[in-house]
Amino acid sequence: AACWSCAGFEKAPTKKQLAVYFEGCEKTGMRWEWYPEDVLSACRKCGGEGKGSKLLYKPSSDDQTKIVLYDLCRLPKRMLKKKLTVAEDKLKTLVAFDKRGIVPKLLKITKHATIVSILERMKPGPDGRLRTFLNPAGTETGRFSSAGGFLEPFSTNLQNLPKREAAKDPKYDVRRCVIPDEGCVLIEADLGQAEAGYCLPSE
């Protein structure tokens with residue numbers, strides 16, 4: 001793995017520059033079997049401490065991932081609405097063709113990156129409290145919608161905390177980070193079907 005400065009770029013490369021760089025590496029004989037162990041680790045030269053400390057290849061970038069999987073690793077292309085995709089459900093179908101083992105690592109890293117991003121947004125205020133912005137006019141039925149960063153700088157959207165990942169593995173349950181004051185309890189109300197209930201005729 002290499003960060004962009006150690007790879008010879010003066011600034012973060014564009015998608016086109018990155019494609020040319022990867023193509024040049026392949027022509028010079030660089031093989032991609034080392035990807036699972038190397039491409040997702042810190043830069044070999046500077047250990048992540050260089051000028052461009054961000055890795056040349058970022059798994060969070062869909063465009064870069066398409067180049068790596070479809071152009072370099074030559075895995076079968078997956079399409080969504082007639083366009084190349086690296087959506088999670090499509091990537092899972094590539095595991096059987098992926099002899100290098102990069103796809104499972106990408107899926108795991110993407111999931112971890114999502115959780116880390118959520119935790120970074122859940123920064124409490126100076127008083128130790130976590131806040132959210134509730135919009136009572138966000139839906140036609142008056143069901144509250146949540147958002148962060150409007151009126152309170154230390155606020156976050158509490159409606160998009162992951163449920164599916166937490167149900168599969170407790171270590172992804174970021175909701176456990178929200179702790180009530182001593183002597184208090186947290187109450188969760190699921191209004192996911194509020195619109196349907198509103199539209200039902202009253203008897």
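Look at CYS43 and say whether it is more than 30 Å from ASN157 (Cα to Cα), modelled with pLDDT of 75 or more, buried (at least 17 other Cβ atoms within 10 Å of the Cβ) and hydrophobic (A, V, I, L, M, F, W, C). In short, no.
Here region 100-128 is the region considered, the condition is being without any contact (Cβ under 8 Å) to a residue 24 or more places away in the chain and at negative phi, and the residue that is farthest from the chain's Cα centre (by Cα) is ASP127. The residues listed here are LEU72, LEU106, LEU91, LEU56; of these, the one that is out of contact with any Lys or Arg (no Cβ under 6 Å at 6 or more places or on another chain) and modelled with pLDDT of 85 or more is LEU91.
The number of residues in region 173-197 being farther than 22 Å from GLY128 by Cα, in a helix (DSSP H, G or I) and modelled with pLDDT of 70 or more comes to 2. All told, ILE118 meets the bar of being aliphatic (A, V, I, L, M), touching a helix residue (DSSP H, G or I) at 6+ places or on another chain (Cβ under 8 Å) and closer than 30 Å to LEU69 by Cβ.
The values are calculated or read from the model by the stated rules, or taken from the named source; none is laboratory data. Quick caveat: nothing in here was measured; it's all calculated off a predicted structure. As a convention, Cβ positions derive from the backbone with ideal geometry for all residues, glycine included, and neighbour counts pool all protein chains shown.
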